[in-house]
1. Cα atoms only: what Rg and Dmax, in Å, come out for the chain?
2. Test of the criteria: in the range 392-435, which trypsin sites (Lys or Arg not before Pro) are in a DSSP loop and have at most 13 other Cβ atoms within 10 angstrom of their Cβ?
3. Quick one: check the C-alpha center-to-center distance for the range 203-280 versus the range 64-106, whole angstrom.
4. Going through the range 67-143, which trypsin sites (Lys or Arg not before Pro) have at most 16 other Cβ atoms within 10 Å and a DSSP loop state?
5. Using only C-alpha positions, report the orientation-averaged shadow area of the convex hull of the range 255-359, nm², one decimal.
6. What accessible area per residue comes out for the chain, rounded to a whole number of Å², with a 1.4 Å probe?
7. What residues of the range 159-194 lie in the reach of a label at LYS76, counting those whose backbone N is under 16 Å from a point 7 Å from the Cα along Cα→Cβ?
8. Counting other Cβ atoms within 10 Å, which trypsin sites (Lys or Arg not before Pro) in the range 165-265 have at most 13 and lie in a DSSP loop?
Amino acid sequence: SRNSSMGSSRTARPKRSIYFVLGVLLSAVVARGAALSPQQNTEFPHGQVIPKVVCAANPTETYALYLPSNYTPDRKWPILFVFDPMARGQAAVETFHEAAEKYGYILVGSNNSRNGPWVTSLQAIPSLWTDTHARFSLDDGRAYTAGVSGGARVATMMAQGLPGRVAGVIACAAGYPLEAGKGPSKNTTFVYFATVGIRDFNFSEMRKLDETLAAVGVTHRLVIFDGPHGWAPKELRMDALEWMELQAMKSGRRKKDDDLIAAIYKKRSDEARQAMDSGDLAGAYHRLEALVTDFQGLHDVAEPEAELAKMKDSKELKQALKLETKREDKIARLESQYYETYERARTALFAPSNGEYERRQAIRAMRLPELRQMAEKKKDSEEGIAAQRNLYGVMVHCFEDSMVESSRADYGRARVDMEIAAQCMPDRGFVYYQLARYCALSKDSPNALAALRQAVEKGFADLDQLEESPDFASLRSQPGYKEIVDLLKKKNTS
């Protein structure tokens, strides 16, 4: 089974020891506190993203940082710890920096936590907590976490590991760390804002999580958007921090701001009205429900309550909700069928007795080109959406498994996985970069160079990563490698 820090939710196996280890690490950090040192008193620029801050107590751990332009140590500030599944701390911080500037949040993005063995994230979390609490003036009641895909699982795990100290989680494209065996409960101490795209392979997981959070009474909101696996759109990331501000005012973690409440209420009311005017009755109904829930106790909600009561008796709404459920059920059923086809073929692919011909036949049996065609030509149909979810899910599955296989030096199998991933997402440069790595590690220089060239042509642009990676050492003396480096330099300067 795959590690639960990954984005995929399939074939999880419980491993409760994660929380024992995390609890020990975090308890030690919180208990001893963090003493300021001259190195930790360093001044940082305000209002700009700083790509790398080295943790004073553990120099192997670093993070990207954003301090609001009006930051001053004379007051206490909320902090948002952001996790990317590929340890891209700067990219994670940049995702939220506009919202953080507007609402006055310090942002921290780990440059170490990534998909893979849990130990990497388990080590990163205490280091981030210790270093930021030593350096900055933080509001002890307003620490938050956020993440996308596997990073969302890390963000949730951190909140679970620090009960009462993390006030809220923003989870995009994935939820709880499923393999850890510790889901939502009535004792959950943090609020939960989740987002997922309708074309995301984790869509069904997030809908089930929404139901579970509601059943156990956790304050939460799930927002669905039209998109694939990944971060929510910019406006939803702003909504997420606004929602956290509302929850902080409800709980008394921050002072009530009537002007801010009124502004957010108007924005959300207008969105519900726009959905109604466009004929999206189900969307309007969901927005009004959330409006009433989120503003109860903060703002008069008599108007949306009356509108909801009126809508509930509408035959049109009942029909719209029925069609919505029917469509979602059909997409999930088709997605499951597509994935079962892939799983059967994958089992045959790695049968010990198979030769090259049998392996190629197994890959063809996955029907990936057919799914790509369906995803492109029937983009908004149930079949097309199911195909999109499955293609991305298979790509992530193969990417994750290739990492495990590479750690065992099984580069041949890792290479096959990335060949499959490339069939799923033939326009992704990072897929071909990984394929090039495994070809190079397999001592197949011609195919490594061919895949590397495709990676650059399809968008891979990190020259430093390429030049510093020891995996390409066998290629660097070859003329083809120099041509690829020159091409990459030219693209980066054009």
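1. 23.9, 74
2. Working: sites: ARG408, ARG413, ARG415, ARG428; in loops: ARG408, ARG428.
Answer in residue order: ARG408.
3. Cα centroid to Cα centroid, the span is 20 Å.
4. Details: sites: ARG75, LYS76, ARG88, LYS102, ARG114, ARG135, ARG142; in loops: ARG75, LYS76, ARG88.
Answer by residue number: ARG75, LYS76.
5. Mean orientational projected area (the range 255-359, Cα hull): 11.9 nm².
6. Here the residues of the chain average 45 Å² of exposed surface.
7. Residues passing the 16 Å test: 164-168.
8. Answer by residue number: LYS186, LYS255, LYS256.
The values are calculated or read from the model by the stated rules, or taken from the named source; none is laboratory data. Bear in mind the structure is a predicted one, so any value in this text is a computation, not a measurement. Neighbour counts are summed over all protein chains in view; Cβ atoms, including those assigned to glycine, are modelled from backbone coordinates with ideal geometry. Areas reflect the complete protein model, heavy atoms only, side chains present, ligands, DNA and RNA absent. Shrake-Rupley method; radii C 1.70, N 1.55, O 1.52, S 1.80 Å.
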